[in-house]
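Comments concern the structure below.
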Amino acid sequence: MGPVVTVPMIRLLHAIATTAMAGVIWTVQLVIYPLFAEVGEEVFASYHADYSERITWIVGPLMIVELGSAAALAIVAGKSGEGRLFAVTGLLLVVALWLVTAFVQVPQHGRLGAGFDEATIAALVAGNWIRTLLWSLRVPLAWRMVSEGWQREKNRS
């Protein structure tokens, strides 16, 4: 018999992925994106290409795990109650994050891939506050689902 994935394991994996993404997005927001303006026009295109390739190896798997686990939790959460509310809200926030990423940040990075553009960098930094806020809201929500699951298991014992 192979490994069994349980709902508590999905909750924990989800909370870890969400927390990791919140840490990444705060680092991006406060350190990486503002420094784009300091790199210099002559090396910006290669710097941005390297950044884009390297960050994808970090955020890609985390975002996929977060989306998959959020969907799984929304499916298994039950028909009503606080757990269902948290799971569905969490999934909706993840979907919002994916949409903002796809339709705001990705096109901005596409423009920056062509070279240094101070206005696009400023828009990237300003607009990324949306993702920073959404991931920050998701962290307590994700850990609340973990805690709720532990309490439910404890009450069954």
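Just so it is clear, none of the values below were taken in a lab; they were calculated from the coordinates. Only a predicted model underlies this, so the values are computations on that prediction, with no experimental measurement involved. As a convention, Cβ positions derive from the backbone with ideal geometry for all residues, glycine included, and neighbour counts pool all protein chains shown.
Restricting the first member to the range 102-119 and to residues that are touching a residue at least 40 places away in the same chain (Cβ under 8 Å), and the second to residues that are acidic (Asp, Glu), the beta-carbon pairs closer than 8 Å and six or more apart or on different chains are 115/41; 116/41.
Tally time: how many residues in the range 108-130 are of a type outside the set (Phe, Trp, Tyr) and surrounded by 13 or more Cβ atoms within 10 Å (Cβ to Cβ)? So the answer is 14.
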